[in-house]
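S.K.: There's a structure below that I have some questions on.
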Amino acid sequence: MTSHPGPSAPTPDSTPDPDSADQETPESDPPRARLQINPDRILDDAVKVIRRLHRHGHKAYLVGGCVRDLLLNEIPKDFDIATGARPRQVRRLFRNSQIIGRRFRLVHIRFGDRVLDVATFRRTPPKDEDDPYVRQDNAFGTEREDAFRRDFTINGLFYDVINNRVIDHVGGLEDLAIKRMRTIGPAEERIQEDPVRVLRAARFAGRLGFTLSEDLAAAARKFADDLRKGAPPRVLEELYRLVTTRGARHCFVHLEGMGALEPILPEVRPLDDWYLEALERGEDFFGGRREVETQWMAAAIMLAPAAFDVMRTCDRKDLDLAVADTIGPLAHRLTIARRDSTRARLCLAAQARLAELPDGRPARRLAQRDFFRDAITLRRILGPLFPSEQDAEVLAAWEEFGKDAAGGPRKRPKKRRRRRKRPLHPDATPSTNQECEPTSPSSSAPVPKNPPAASPPDSSNDDS
Ligand code: ATP
Ligand code: MG
């Protein structure tokens, strides 16, 4: 059974003092007693790494999201390890390891396709009096300091695999039990230090169905605008996680309530039903996983409201250009990779045609494009550009049409290269040269009776 020699039970809106002693979790507290870790859910390789570090005299625990998820009886996405060993000491113990990162050095230990992160305990770096924003995060520290530098109490728990106990310096068990998100330390200070925590608060609250403590909700609203200061790639990384997580719909509702959409993605405001439903349908597609292969789809969902606005008003013939003109600057601002923004743009632009029954050559051409299946999937997630009663019928017709047009894009018929006529040797007889220049269809390569239509040049300047 999991024991919880955890924290002093904190008062609702206080975080325990980092120097206070740990106390036994009262087993009589039913919500907390329910929080148990099933050791069978822990990745064997993570246990092996922790055991080896221990054998060599180092503290090592599971930490962060995996402990939270194990306690909530969910399957963790990854297993992060925190240790007292320095990166070089870890590196020496594992042949399959590599030190990564220049600013903050971390060890990656590889087991097949899987990589485990092993981080040395860190502490919050000293602050600049005039600037609450923390710009560096690379000072080693103690186990306790490492717990206190984390964002929310529910993310600040350690799990000691060897002794099968949760170590709680920050009051995380209490908050997990009552489903509450709370910063470790004063909310305003922690949010100002790193405004991206506003996005993380929305993500965990939406995904886990937790409420925000009053001070966290107030601080998030007060400093959400500071997200403008956040490094765009970090903000984008969080946006990808927000769109692909389970509970994405609720996450976005939290974001809007905090005023966090205005500084980073005002194009999706005000959140209306079609967008919230799209986010919900996306949840099935992503299955709670944020993966590089489906990142373009997450980008398309972020970009969809802006694209749909312009597509609903512009002329069909100007559509590709109008979508590109809208998506380009927006994708650039968000720092979306070109590979993803290109596929997102193509699939979004295709939505205008997918709103109507397939018909004629343009439809056939679309069905032969390599992004057609993706465009249909996006259509399923976003719903129709122009909602109509025939919506299901239109979608089914495209599915059917896509099957017929399958078999890959039609190839252009190979152009027969005309061979240049070799000047005839004055002595040569015409018969010796007949093979060089066929004179009739019967002597040339067979010409198909109905040559397949050549695929036209792309109007959409596809670079995918
Ligand atoms: P998920 O299951 O979505 O990966 P997670 O809690 O594991 O959630 P990560 O982004 O993987 O989130 O971060 C791992 C841990 O690192 C967190 O649990 C938290 O303890 C710490 N952490 C991450 N980002 C921050 C931050 N901005 N400020 C403080 N601590 C952070
Ligand atoms: Mg994680």
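S.K.: Give the residues of segment 265-286 that are surrounded by 20 or more Cβ atoms within 10 Å (Cβ to Cβ) and not small (Gly, Ala, Ser), sorted by residue number.
M.R.: Result: Leu265, Val268, Tyr275, Leu279, Phe286.
S.K.: What residue, of Val63, Val47, is within 13 Å of ligand 2 (Cβ to nearest atom), aliphatic (A, V, I, L, M) and out of contact with any His (no Cβ under 9 Å at 6 or more places or on another chain)?
M.R.: Only one candidate qualifies: Val63.
S.K.: Follow-up. Can you tell me how many residues in segment 73-103 are within 16 Å of ligand 1 (Cβ to nearest atom), surrounded by 15 or more Cβ atoms within 10 Å (Cβ to Cβ) and in contact (Cβ under 8 Å) with a residue 24 or more places away in the chain? Before you say what the answer is, go through the steps one by one.
M.R.: First, the residues of segment 73-103 that are within 16 Å of ligand 1 (Cβ to nearest atom): 73-83, 100-101, 103.
From what's left, surrounded by 15 or more Cβ atoms within 10 Å (Cβ to Cβ): 74, 76, 79-83.
From what is left, the residues that are in contact (Cβ under 8 Å) with a residue 24 or more places away in the chain are 76, 79-83.
Counting residues in segment 73-103 that are within 16 Å of ligand 1 (Cβ to nearest atom), surrounded by 15 or more Cβ atoms within 10 Å (Cβ to Cβ) and in contact (Cβ under 8 Å) with a residue 24 or more places away in the chain gives 6.
S.K.: Applying the selection to segment 336-363, what residues are over 17 Å from Arg316 (Cα atoms) and of a type outside the set (S, T, N, Q)? Before you say what the answer is, go through the steps one by one.
M.R.: Within segment 336-363, the first condition is being over 17 Å from Arg316 (Cα atoms), and the residues that meet it are 336-344.
Scanning segment 336-363 gives Ile336, Ala337, Arg338, Arg339, Asp340, Arg343, Ala344.
S.K.: Would you confirm whether or not segment 325-340 contains a residue that is closer than 18 Å to Ala375 by Cα and surrounded by fewer than 18 Cβ atoms within 10 Å (Cβ to Cβ)?
M.R.: Checked segment 325-340: at least one residue is closer than 18 Å to Ala375 by Cα and surrounded by fewer than 18 Cβ atoms within 10 Å (Cβ to Cβ).
S.K.: With the checklist (1) within 16 Å of ligand 2 (Cβ to nearest atom); (2) among the β-branched types (Val, Ile, Thr); (3) closer than 30 Å to Arg52 by Cα in hand, flag the one item Val196 doesn't pass.
M.R.: In the conditions (1) within 16 Å of ligand 2 (Cβ to nearest atom); (2) among the β-branched types (Val, Ile, Thr); (3) closer than 30 Å to Arg52 by Cα, Val196 misses (3) alone.
S.K.: Moving on to the next point. Being among the basic types (Lys, Arg) and within 13 Å of ligand 2 (Cβ to nearest atom): is that true of Lys77 here?
M.R.: Values: among the basic types (Lys, Arg): yes; within 13 Å of ligand 2 (Cβ to nearest atom): yes.
Taking the combined requirement at face value, the residue satisfies it.
S.K.: Right, next: In segment 338-376, which residues are within 19 Å of Gln390 (Cβ to Cβ) and among the polar types (S, T, N, Q)?
M.R.: Gln351 - this is the single residue of segment 338-376 that is within 19 Å of Gln390 (Cβ to Cβ) and among the polar types (S, T, N, Q).
S.K.: Could you tell me whether Phe210 is over 25 Å from Gln295 (Cα atoms) and either of a type in the set (Lys, Arg) or within 14 Å of ligand 1 (Cβ to nearest atom) (or both)?
M.R.: yes
For every residue, the table says whether it meets (1) surrounded by fewer than 24 Cβ atoms within 10 Å (Cβ to Cβ); (2) assigned to a helix (DSSP H, G or I); (3) away from ligand 2 (no atom under 16 Å from the Cβ).
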{"position": "Arg150", "(1), (2), (3)": "yes, no, no"}
{"position": "Ile162", "(1), (2), (3)": "yes, no, yes"}
{"position": "Val166", "(1), (2), (3)": "no, no, yes"}
{"position": "Val170", "(1), (2), (3)": "no, no, yes"}
{"position": "Glu174", "(1), (2), (3)": "no, yes, yes"}
{"position": "Gly185", "(1), (2), (3)": "yes, no, yes"}
{"position": "Glu188", "(1), (2), (3)": "yes, yes, yes"}
{"position": "Ile191", "(1), (2), (3)": "no, yes, yes"}
{"position": "Ala201", "(1), (2), (3)": "no, yes, no"}
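S.K.: Also: Here is a check on your reading of the model: is Arg110 in a strand (DSSP E or B), surrounded by fewer than 15 Cβ atoms within 10 Å (Cβ to Cβ) and within 24 Å of the chain's Cα centre (by Cα)?
M.R.: Criteria met by Arg110.
S.K.: I would also like to ask the following. May I ask you to list the residues in segment 273-320 that are modelled with pLDDT under 90 and part of a helix (DSSP H, G or I)?
M.R.: Arg312, Thr313, Arg316, Lys317, Asp318, Leu319, Asp320
S.K.: Starting from residues that are among the β-branched types (Val, Ile, Thr) and in a strand (DSSP E or B), keep the ones in segment 80-103 and report whichever is farthest from ligand 2 (Cβ to nearest atom).
M.R.: Result: Ile99.
The values are calculated or read from the model by the stated rules, or taken from the named source; none is laboratory data. What you are looking at is a predicted structure, and each value in this text was computed from that prediction instead of being measured. We place every Cβ from the backbone using ideal geometry, glycine too, and count neighbours over all the protein chains shown.
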